[in-house]
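Undergrad: The structure under discussion is supplied below as structure tokens; questions concerning it will follow.
The values are calculated or read from the model by the stated rules, or taken from the named source; none is laboratory data. These figures come from a predicted structure and were not determined experimentally. Virtual Cβ from ideal backbone geometry, glycine too; neighbours counted across all protein chains shown. Quick note on the areas: whole protein, heavy atoms, side chains included, nothing else; ligands and nucleic acids left out. Shrake-Rupley method; radii C 1.70, N 1.55, O 1.52, S 1.80 Å.
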Amino acid sequence: MVYAPWLLLLLLLAPYWLGPIVVWLTQKAGARPVFEPFTPPASLIVVRLPIVRDPARLCRITRAYLDRHYRGVERVPFEHQDEPARFLGEAMARELTEQVEAGRWRRDDRTGVFRPTFPSAWVMTWQALPPFSLLRRRRVRRRATAILEELNMAGPDPRPIAQPRTRVSLRCLVAVAIIVYLLTQFGSRVLRTSWTLPADFVVPAAFPDAVRALERLAGGKATPLVGTDSVGDSLRTEGFAVSVPSARAERLVSAAQPRFLEKGYYLFRSEQHFGIGGHADRVALFPRSDPYEILRLMGTNGWNYDIGPDSIVAWLKVLERDHPFVLTGMGFDWVEGQFRSAIRDANALARRFYAFCPDVVSQGTETVEALAQELVASQRLYCWWD
């Protein structure tokens, strides 16, 4: 289940890779090669001129084309000129019948309709998707330009009709947005809830071996953990950090942190990107178990409120005495954790958070009451200073 997003991506791109496979299998089976969903019908001459948008000019081009390529051929007037609906219906039925004879379409006698065969349906879908649709449009336009140059009729339209605007239904846009959101949330939730710590996972006693164990859990290479010193410069610490997909980082820390603590090592999230821009989070391992030492090394602060690392450490120590918690993440301007027991007075705790970290309300829940409800629901400690 960890690979659910990749499976979803393969399903979304299925027409791209299944279309050519279907065509290849059809050819291997001995059927007529399928390169177009429609075979050019013998009863119809198709010349596409999408670059011509002047009706009068189009008529002149049509006459010139027929005179050059079909001079001397008898021209038969259309049947049912006074009944356009009947003319179009019979022409469409005749053309689709020719497609059935060519093996591209089939007739569904039960419902009385024509349907594309399975290979043709795939090719039609494949050709309608970018970049194939764009390449086909360019090819048609190049062919149209060549025809006009051959007839010595190239140039702009004197009186082109207006290009119709593409009308996109707002309901369709909303529906697509909802579907994309649900699929994204589903994939993210699968990653968060499906990952489990291997039952046989053991943290080695030596710190270098413990770092390698973390690399195996995360599936990446660890690099030195960088913090911030008292003057704002980068500070290389004794710890190491590894990139982990945002949806899985929280689960990994929650499941593996107790195992590392047993060996005296502190596991925590050192960078949090919420999946924005495809950036992964960073999960770090420190060779000692004091989270407040790590917090000072990370330089966690709220300087825009005149709050430094020492002030945050002092506030958290008092909070920990009243509401025991474990810290699971520490960064330059944020800290997160999980309360070990149910919150007794959520409203008082929310006011306490708001007084120390106003951004959790002003840029987050918007009201202290909403923050209290969130604390009860999540049992999560979170502060950031923007």
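Undergrad: What is the one condition in (1) in contact with a helix residue (DSSP H, G or I) (Cβ under 7 Å, 6 or more places away or on another chain); (2) in contact (Cβ under 8 Å) with a residue 12 or more places away in the chain that residue 106 does not satisfy?
TA: Only one criterion in (1) in contact with a helix residue (DSSP H, G or I) (Cβ under 7 Å, 6 or more places away or on another chain); (2) in contact (Cβ under 8 Å) with a residue 12 or more places away in the chain is unmet by residue 106, namely (2).
Undergrad: Out of 217, 170, 252, report the one residue that is modelled with pLDDT under 80 and more than 30 Å from residue 55 (Cβ to Cβ).
TA: Of the residues listed, the single one that is modelled with pLDDT under 80 and more than 30 Å from residue 55 (Cβ to Cβ) is 170.
Undergrad: Let me ask something else. Please verify whether the range 136-149 includes one or more residues that are in contact with an Asp or Glu (Cβ under 9 Å, 6 or more places away or on another chain) and closer than 23 Å to residue 60 by Cα.
TA: Checked against the condition, which is being in contact with an Asp or Glu (Cβ under 9 Å, 6 or more places away or on another chain) and closer than 23 Å to residue 60 by Cα, the range 136-149 yields no hits at all.
Undergrad: If I ask for residues that are open to solvent by 20 Å² or more (accessible area, probe 1.4 Å) and outside any strand (DSSP E or B), which ones from the range 314-332 would you list?
TA: If the condition is that a residue be open to solvent by 20 Å² or more (accessible area, probe 1.4 Å) and outside any strand (DSSP E or B), then 314, 315, 317, 318, 320, 321, 322, 323, 324, 332 are the ones that fit.
Undergrad: Can you pull out every residue in the range 33-71 that is in contact with a Ser or Thr (Cβ under 8 Å, 6 or more places away or on another chain) and either among the polar types (S, T, N, Q) or at pLDDT below 60 (or both)?
TA: 33, 34
Undergrad: Would you confirm whether any residue within the range 257-276 is over 13 Å from residue 217 (Cβ atoms), within 23 Å of the chain's Cα centre (by Cα) and modelled with pLDDT of 90 or more?
TA: Yes - at least one qualifying residue is present in the range 257-276.
Undergrad: Related question: Just one of 83, 74, 79, 101 is within 27 Å of residue 121 (Cβ to Cβ) and modelled with pLDDT under 85; which is it?
TA: It is 101.
Undergrad: Is at least one residue of the range 248-267 surrounded by 15 or more Cβ atoms within 10 Å (Cβ to Cβ), touching a residue at least 12 places away in the same chain (Cβ under 8 Å) and farther than 22 Å from residue 340 by Cβ?
TA: Scanning the range 248-267, I find at least one residue that is surrounded by 15 or more Cβ atoms within 10 Å (Cβ to Cβ), touching a residue at least 12 places away in the same chain (Cβ under 8 Å) and farther than 22 Å from residue 340 by Cβ, so the answer is yes.
Undergrad: If the Cβ limit is 6 Å and pairs must be 6+ apart or interchain, which residue in the range 364-380 that is at positive phi pairs with which residue that is open to solvent by less than 60 Å² (accessible area, probe 1.4 Å)?
TA: What qualifies is 379/339.
Undergrad: Please find, among 370, 350, the residue that is at pLDDT 90 or above, of a type in the set (Gly, Ala, Ser) and either in contact with a Pro (Cβ under 6 Å, 6 or more places away or on another chain) or open to solvent by 10 Å² or more (accessible area, probe 1.4 Å) (or both).
TA: 370
Undergrad: Taking the residues in the range 117-131 that are buried (at least 18 other Cβ atoms within 10 Å of the Cβ) and touching a strand residue (DSSP E or B) at 6+ places or on another chain (Cβ under 8 Å) as candidates, determine which candidate is modelled with the highest pLDDT.
TA: It comes out as 117.
Undergrad: Mind listing just one residue for me: the one in the range 55-77 that is under 16 Å from residue 146 (Cα atoms) and among the hydroxyl-bearing types (Ser, Thr, Tyr) and, of those, least open to solvent (accessible area, probe 1.4 Å)?
TA: If we take residues in the range 55-77 being under 16 Å from residue 146 (Cα atoms) and among the hydroxyl-bearing types (Ser, Thr, Tyr), then 65 is least open to solvent (accessible area, probe 1.4 Å).
Undergrad: Ok, one more. Consider the range 294-307. How many of its residues are loosely packed, with under 14 Cβ neighbours inside 10 Å, of a type outside the set (Phe, Trp, Tyr), out of contact with any Phe, Trp or Tyr (no Cβ under 7 Å at 6 or more places or on another chain) and not in a loop (DSSP other than H, G, I, E, B)?
TA: 0
Undergrad: Say whether the condition of being open to solvent by 30 Å² or more (accessible area, probe 1.4 Å), among the basic types (Lys, Arg) and more than 33 Å from the chain's Cα centre (by Cα) is met by at least one residue in the range 207-222.
TA: Within the range 207-222 (the criterion being open to solvent by 30 Å² or more (accessible area, probe 1.4 Å), among the basic types (Lys, Arg) and more than 33 Å from the chain's Cα centre (by Cα)), the answer is no, since none of the residues qualifies.
Undergrad: Report whether or not residue 138 is at pLDDT 80 or above, open to solvent by 100 Å² or more (accessible area, probe 1.4 Å) and closer than 12 Å to residue 51 by Cα.
TA: yes
Undergrad: Quick one: which residue in 386, 310 is touching a helix residue (DSSP H, G or I) at 6+ places or on another chain (Cβ under 6 Å), under 25 Å from residue 226 (Cβ atoms), open to solvent by 30 Å² or more (accessible area, probe 1.4 Å) and touching a residue at least 12 places away in the same chain (Cβ under 8 Å)?
TA: Result: 386 is the single residue among 386, 310 that is touching a helix residue (DSSP H, G or I) at 6+ places or on another chain (Cβ under 6 Å), under 25 Å from residue 226 (Cβ atoms), open to solvent by 30 Å² or more (accessible area, probe 1.4 Å) and touching a residue at least 12 places away in the same chain (Cβ under 8 Å).
Undergrad: Enumerate the helices (runs of 4 or more DSSP H) found wholly within the range 49-157, keeping only those where 3 or more residues are touching a His at 6+ places or on another chain (Cβ under 8 Å).
TA: Correct list: 84-101.
Undergrad: Let me ask another. Condition first: buried (at least 18 other Cβ atoms within 10 Å of the Cβ), out of contact with any Gly (no Cβ under 8 Å at 6 or more places or on another chain), touching a residue at least 12 places away in the same chain (Cβ under 8 Å) and assigned to a helix (DSSP H, G or I). Can you find one or more residues in the range 333-345 that meet it?
TA: no
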